1. For the stretch 398-428, what are the residues that are open to solvent by less than 40 Å² (accessible area, probe 1.4 Å) and among the charged types (D, E, K, R)?
2. Just to check your reading of the model, which residue among 336, 349, 344 is in contact with an Asp or Glu (Cβ under 8 Å, 6 or more places away or on another chain) and part of a helix (DSSP H, G or I)?
3. Taking the stretch 525-544 on its own, how many of its residues are surrounded by 17 or more Cβ atoms within 10 Å (Cβ to Cβ) and of a type in the set (Lys, Arg)?
4. Can you tell me which residue in the stretch 431-478 is least open to solvent (accessible area, probe 1.4 Å), limited to those that are among the acidic types (Asp, Glu) and modelled with pLDDT of 85 or more?
5. For the stretch 647-662, check the following and say yes or no: at least one residue is over 30 Å from residue 328 (Cα atoms), part of a helix (DSSP H, G or I) and open to solvent by 10 Å² or more (accessible area, probe 1.4 Å).
6. Restricting to the stretch 373-387, count the residues that are at pLDDT 90 or above and crowded, with 21+ Cβ neighbours inside 10 Å.
7. Does residue 320 satisfy the condition of being without any contact (Cβ under 8 Å) to a residue 24 or more places away in the chain and over 25 Å from the mean Cα position of the chain (by Cα)?
8. Filter the stretch 486-515 for residues that are out of contact with any Phe, Trp or Tyr (no Cβ under 9 Å at 6 or more places or on another chain) and open to solvent by less than 70 Å² (accessible area, probe 1.4 Å) and give the result.
Amino acid sequence: MKEYQVKGLTCANCARALEEQIQSLPYGEGATLSYSSGKLRVNERVDLEKVRAILATDGAYMADDEQSQRKRNPLLYLVGTSIFLFVMALLFERFIGNEVVIIYIIATALSGYKTFIKGLKNVVRFRFNMDTLMTIALIGAFGIGEWKEATVVAILFGINEYLEGLGMERARRSLDMLLKQVPKEALVIYNGQTRAVSVDSLQVGDVVLVRPGEKIPSDGVVIQGKSSVNEAAITGESMPIEKETGMSVYGGSVNNEGVLHVQITKQYKDSSLSKILHLVQEAQETKTPLELFIHRFAKYYTPFIMVISLFVMTIPPLAFGVPWHDALYQGLAVLIVGCPCALILSSPIALLAGMTRNAKKGVLVKGGVHLETLGRVRTIAFDKTGTITKGKPHVTDVIAYIDENELLRIAASLESVSSHPLARAIVQKAKQHDISYEQPEQIETRTGSGIEGKIDGKRYRIGNERMFDQQDLSEKIQKDAEKLKSEGRTIVFVADEQHVLGLFGIADEVREESQAVIKQLHRIGIRRTVMLTGDHEKTAEQVAKQVGVTDVFAQLVPEQKVEKIKQLMKDDIVAMVGDGMNDAPALAHAHVGIAMGKGTDSAIETADVVLMQDHLGKLPEAIAIARRVNRTIRFNIAVALALKAMALLLTIPGWLTLWIAILSDMGATIFVSVLSLLILWEKRTK
């Protein structure tokens, strides 16, 4: 399948009709035309000239066709001319006489000729959509001599069609702003010389020069230089982040002041920015259950309206003696009221606006269906390590039975030969106190318990309780150890050959924002927050108490996490938040899987939503945006149907006019478009 960008699509219903026509071409099976993104996907063997001809019937064209690029949608000019002719006809009607009808016909043709032509084709093919309804209404209005009102209907419908396309184009442009973050070229350093190359040609291992104000071309690691970098395009964080040698950087982020040498770790196609753009564009193509329902509903709704119109035209004259002219007029007004424009437009602009706004905040939603589900979530389950906590153990307590600095020196010396996370935490603690340590001698590793070694010719031990006999632990030491255990700490003992010299209490550090995020989630209506962890209960309970989650389940293996998610899903719509490989099964099973952007690839690939930041801070806002999108769509549908219902009720006393009919349809379309676009407008004001 080959992809093309299509411009000039006027409405969702029209795009669907064009898609069906393209699908009827040889090799056209499976072709898709998205009104939301303006993307056409067709088989490479399809006749593009025929595709262009089909698109042209609706004023649409392929953006990559140079001749088409010079085209402009003439609808606005045609409608403007129609309005001028209509006003002139009204002003000079008494001077011109019956010939004024010709002016009304010309004005109507300029605004509605495309609709009229498409509608006639649809009538012949027994295809019923809004073009069919409008064509029949216009023919009928002229047939009963309502020249003025037929012209007004055509003009207002033209304005409505233009504004509908304008609203969707505004939403698309907000998404296109993301595409502007894509760097075009990179300065690659070869043998001390720089050379400009396309970002697509960058290979893993290339070293690029990034000067102040330039965009980093792809994900990589700083190997030389120091600077602050703006990662807002990727993570949504507005504050610059200091970068120096050894730190990772995102492609698309902006180097602020220093010169950086960055070694590329991912080709551009695999970079974070590329994935964001690809997934956001791909997400537009997915239809939510509500959207699918609306399209199915519209398919049957239009013929239903035609039947109702036929009843309004025939029953009153036959049964109640109502004049045929009046009944025909009312029936034509019903046809116009029945146009499904606003109903079909209730969803796509709001969904596109919601996904774009979240993407600019650094929250990647992989489809409208996931955005809709995210807005319905009432229970959120969190993995502990790396999600609620930083996933980096740190020393919280030091209980020294000798000089504390000497205890830190001995412990750091022994642990300096280990890569275990607990060992690194103790070494880091010594560094924080500017305590120098040395390489131990005669190292012996006790698997699962600790390390022995000589420092300054004296033998020391460091490890957990299993490394010591019970008689080595005095009553005071046992009491101190029990206190640390009750607080959920992991305990490391340090001893020489005769005595325990001190204890370290170690815990995984809770993220600074975790408590505030949990509070905010409860405040916006999340009923239940659950922490799932493989850690022992005391540690889990301590973290849960600190951050304020409502439930905690500890000592779980990945399979048990999945079982807990399944249990929670029986009662509520559940989201699972995680970052590790062992979280992927639970992320896949939850109604919505949410991964941390700096988590493992398996978690990110499995998840439905990705937080590109390395924290949970944007989660409450992402849920709030999703809920607003859902509320907007529901309200849009309610308004569209209510306005139509009110207009239809006016047929009972015979008050429904063609003017009121088209204004109700136009008003509903403009209303749902503006309300949906407000989702984006609010983003710009913050």
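The values are calculated or read from the model by the stated rules, or taken from the named source; none is laboratory data. Computed from a predicted model, the values in this text were never measured in an experiment. Don't worry about glycine lacking a Cβ; one is built from the backbone with ideal geometry, like all the others, and counts go over all protein chains shown. Note: areas computed on protein heavy atoms with side chains; ligands, DNA, RNA excluded. Shrake-Rupley method; radii C 1.70, N 1.55, O 1.52, S 1.80 Å.
1. Hit for the stretch 398-428 is 415, nothing else.
2. Numbers: 349 fails: in contact with an Asp or Glu (Cβ under 8 Å, 6 or more places away or on another chain); 344 fails: in contact with an Asp or Glu (Cβ under 8 Å, 6 or more places away or on another chain).
Answer to the check: 336.
3. Qualifying residue count, the stretch 525-544: 1.
4. 452
5. Residues of the stretch 647-662 that are over 30 Å from residue 328 (Cα atoms), as a first pass: none.
Looking for residues that are over 30 Å from residue 328 (Cα atoms), part of a helix (DSSP H, G or I) and open to solvent by 10 Å² or more (accessible area, probe 1.4 Å), one finds none in the stretch 647-662, hence no.
6. 8
7. Yes, satisfied.
8. 486, 487, 488, 505, 506, 507, 508, 509, 510, 511, 513 - these are the residues of the stretch 486-515 that are out of contact with any Phe, Trp or Tyr (no Cβ under 9 Å at 6 or more places or on another chain) and open to solvent by less than 70 Å² (accessible area, probe 1.4 Å).
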